[in-house]
Amino acid sequence: MDDLAPYAVADTASRGRAVVEPRPKVRSEFQRDRDRIVHSTAFRRLEYKTQVFVNHEGDLFRTRLTHSIEVAQIARSIARALYLNDDLVEAIALAHDLGHTPFGHAGQDALNECMQTHGGFEHNLQSLRIVDRLEERYGAFDGLNLMFETREGILKHCSPARARELGELGRRFLDGRRPSLEAQICNLADEIAYNNHDVDDGLRSGLLTIEQLESVTLFARHAAEADTEFPHLPGRRRVHETIRRMIDAQVTDLLAESARRIAAAAPASLADVHAAPAMIAFTDSMQAENRALKGFLREHLYQHYQVLRMTTKARRTIHDLFNAFVADPRLLPPQYQDMAAKESLERATADYIAGMTDRYAIREHRRLYSVSEN
Ligand code: MG
């Protein structure tokens, strides 16, 4: 931590916490943030929330928890290599998906539909809402009272209307300023992690085939490299040897391009980072290959009929849950009835549903709609 670049986020340069606290004795401020995130209830729930596959579909698929750990690991490697604050990067990465609903993107889209005339629902804003308000663990404040830069990194995107409501934290979206390099790293580490693990999970599930993937340059190029080094590798091993090369190539490309941009922009301070265009980036050619991989995954995995069947059911489940609670708020657990009185019934319902794990949502749906369950 002593060899941080002058434009990294440092404890001493931080804009601090909303509620002032004594400095930690043995940890850095951002280590403390990471620890608070790891101890939170929302973090533990990530284990039972999914990205693409629903939690009960198989034990080997990524969950939001393992995804977040992969993002943190990739992001920390990048941060260290660039002399940036890897404690901050770890905190942001571990918190970035806290606000996700059950059932992955289908769940978030459905909840957003339900909330359309009540301010909408966005998982990214929900992650912030969790760390700022919803976690109830401390005597002196609601939420986790995280450092400004951790919260800034969690809030990846935001509409101008919402940005205005968020005050200081939202200001950069209105002024067109960039977040810290640490936040920029987490953004792209997220992309590297999910593109690669979705290939892995897609193959494991049998929804994707190697033959299909050979049409994706990024995959084909690295499969060929693996074949050169290890001819005749059996299936799973060949897949791993390919994917680990893909991750390595993406990280290496990102490091080289980012180092080049940082050298060119020569920021002297964090303020320079905020004012300059994004410096953490892939080369154009890697960016194009990534786009092709994403397009492939969208077409062949996320739109696969078996995935669509699951997401259709997920959507229906979320709508049913929402409708039941809004029709009769007395069905909500007491703490959410309190929240409804403080904010709105719809927002409290969205908080409750968003906090559910996949299997809890399925069970709660059964409890509400089946007379033989209680
Ligand atoms: Mg993510």
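The values are calculated or read from the model by the stated rules, or taken from the named source; none is laboratory data. Fair warning: this is a prediction, and the values are worked out from it, not measured in the lab. When we count neighbours, we look across all protein chains shown, and the Cβ atoms used for this are built from the backbone with ideal geometry, even at glycine.
Against the condition more than 17 Å from E182 (Cα to Cα), surrounded by 21 or more Cβ atoms within 10 Å (Cβ to Cβ) and either more than 15 Å from the ligand (Cβ to nearest atom) or of a type outside the set (S, T, Y) (or both), how does H39 come out, does it pass? For H39, the condition - more than 17 Å from E182 (Cα to Cα), surrounded by 21 or more Cβ atoms within 10 Å (Cβ to Cβ) and either more than 15 Å from the ligand (Cβ to nearest atom) or of a type outside the set (S, T, Y) (or both) - is not met.
Between T349, T311, the distinction of being crowded, with 16+ Cβ neighbours inside 10 Å and at pLDDT 95 or above belongs to T349 only. Look at (1) within 16 Å of the ligand (Cβ to nearest atom); (2) surrounded by fewer than 24 Cβ atoms within 10 Å (Cβ to Cβ) and you find that Y83 fails only one, number (1). Only one of the numbered conditions (1) at pLDDT below 95; (2) among the aromatic types (F, W, Y); (3) within 15 Å of the ligand (Cβ to nearest atom) is not met by Y48, and that is (3).
With the checklist (1) in contact with a helix residue (DSSP H, G or I) (Cβ under 8 Å, 6 or more places away or on another chain); (2) within 16 Å of the ligand (Cβ to nearest atom); (3) not β-branched (V, I, T) in hand, flag the one item Q184 doesn't pass. The failed condition is (1). The numbered conditions (1) part of a loop (DSSP other than H, G, I, E, B); (2) within 30 Å of A327 (Cβ to Cβ); (3) of a type in the set (V, I, T) are all true for T117 except (1). Looking across T228, T283, one residue alone is hydroxyl-bearing (S, T, Y) and either touching a Lys or Arg at 6+ places or on another chain (Cβ under 9 Å) or closer than 30 Å to G176 by Cβ (or both). It is T283. When R162, R129, R137, R171 are checked against the criterion of being farther than 21 Å from E346 by Cβ and in contact (Cβ under 8 Å) with a residue 24 or more places away in the chain, R137 stands alone in meeting it. Within the range 262-295, the set of residues being free of Cβ contacts under 8 Å to residues at least 60 places away in the same chain, of a type in the set (G, A, S) and not in a helix (DSSP H, G or I) comprises A266 only. Among the criteria (1) over 29 Å from A183 (Cα atoms); (2) small (G, A, S); (3) in a helix (DSSP H, G or I), the one S215 does not fulfil is (3). When the range 222-257 is limited to residues that are surrounded by 15 or more Cβ atoms within 10 Å (Cβ to Cβ) and among the basic types (K, R), the one that is farthest from Q73 (Cα to Cα) turns out to be R238. Show the residue pairs meeting these rules: Cβ distance below 7 Å; 6+ apart or different chains; first residue within the range 175-195 and at negative phi; second residue β-branched (V, I, T) and within 9 Å of the ligand (Cβ to nearest atom). Within 7 Å, the pairs are C186/V71; A189/V71; D190/V71; A193/V71.
Among the residues in the range 303-319, are any over 17 Å from Q51 (Cα atoms) and within 24 Å of the chain's Cα centre (by Cα)? Yes; the residues of the range 303-319 include at least one that is over 17 Å from Q51 (Cα atoms) and within 24 Å of the chain's Cα centre (by Cα).
Determine whether the range 216-226 contains at least one residue that is within 30 Å of P6 (Cβ to Cβ) and assigned by TED's automatic domain parsing to the domain that holds G104. No, that holds for no residue. Here I243 passes the criteria (1) farther than 24 Å from Q51 by Cβ; (2) in the same structural domain as E211 (by TED's automatic domain parsing) except the one numbered (1).
What are the residues in the range 301-318 that are of a type outside the set (D, E, K, R) and touching a helix residue (DSSP H, G or I) at 6+ places or on another chain (Cβ under 6 Å), if any?
Within the range 301-318, L301, T311, A314, T317, I318 qualify.
Quick check on A140: is it over 19 Å from R359 (Cβ atoms) and either of a type in the set (G, A, S) or surrounded by fewer than 21 Cβ atoms within 10 Å (Cβ to Cβ) (or both)? Spelling it out, A140 is indeed over 19 Å from R359 (Cβ atoms) and either of a type in the set (G, A, S) or surrounded by fewer than 21 Cβ atoms within 10 Å (Cβ to Cβ) (or both). Among the candidates H100, H105, H96, H67, the residue that is within 11 Å of the ligand (Cβ to nearest atom), surrounded by fewer than 20 Cβ atoms within 10 Å (Cβ to Cβ) and not β-branched (V, I, T) is uniquely H105. Applying the selection to the range 108-134, what residues are within 14 Å of the ligand (Cβ to nearest atom) and either modelled with pLDDT under 95 or acidic (D, E) (or both)? Those that are within 14 Å of the ligand (Cβ to nearest atom) and either modelled with pLDDT under 95 or acidic (D, E) (or both): Q108, E122, H123, N124.
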